Amino acid sequence: MPVVREMVGILEEIRELHYDVTLAIDIIFVNRIPFFLVISQNLYFMTVTHLKDCTQGTIEKEFGEMCGYYIMQKEGFQVSSVMADGEFAPLAGLMNTFPGAPKLNIVASASKHEPIVEQCIRVIRNVRGLFGTPYHSRPYQKSC
């Protein structure tokens, strides 16, 4: 069954209160399959999309679609900044193409990860563990 994208209306009060949105982004692997994870800081709205590969072009395309989702909500939100790991540094040039030119904030250390997204990933893995998986051990995880 194909996935159907449907825009859902957002209450005016929420839009006014959280007009400036800060996004946190990362890539999560499930059974060696990469997914692009975006979570808004104050809204705590999480979106996940499959990545066919981890090339810069694919990541830029998916990031653009995710930012577009926030911007195109009726009156829209303003994506003011994006929090990310060092692997997303090449997206810096892409930021000027979005309305309001959001700032890309990269975590300073190469060994550190963006904490909001990493916490979200831990929650996803723990919930998945509650319901069980058909595997006896965790699959190998590669990085992009």
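Annotations
- In segment 50-94, residue nearest to Glu6 (Cα to Cα) [restricted to those that are surrounded by 14 or more Cβ atoms within 10 Å (Cβ to Cβ) and of a type in the set (Val, Ile, Thr)]: Ile71
- Tally, over segment 38-49, of residues that are touching a residue at least 60 places away in the same chain (Cβ under 8 Å) and either surrounded by fewer than 20 Cβ atoms within 10 Å (Cβ to Cβ) or more than 22 Å from Asn126 (Cα to Cα) (or both): 2
- From Ile10, Ile14, residue being surrounded by 15 or more Cβ atoms within 10 Å (Cβ to Cβ) and either out of contact with any Gly (no Cβ under 7 Å at 6 or more places or on another chain) or part of a strand (DSSP E or B) (or both): Ile10
- Residues of segment 43-87 satisfying the condition of being among the hydrophobic types (A, V, I, L, M, F, W, C), assigned to a helix (DSSP H, G or I) and under 20 Å from Asp20 (Cβ atoms): Phe63, Met66, Cys67, Ile71
- The listed residue being free of Cβ contacts under 8 Å to residues at least 12 places away in the same chain and either within 26 Å of Val123 (Cα to Cα) or within 17 Å of the chain's Cα centre (by Cα) (or both), out of Lys103, Lys61: Lys61
Every read-out reported here was derived from the displayed coordinates using simple, explicitly stated rules and does not represent laboratory data. Remember, predicted model here, so these are calculated numbers, not experimental data. Please note: Cβ atoms are built from the backbone with ideal geometry, for glycine as well, and neighbour counts cover all protein chains shown.
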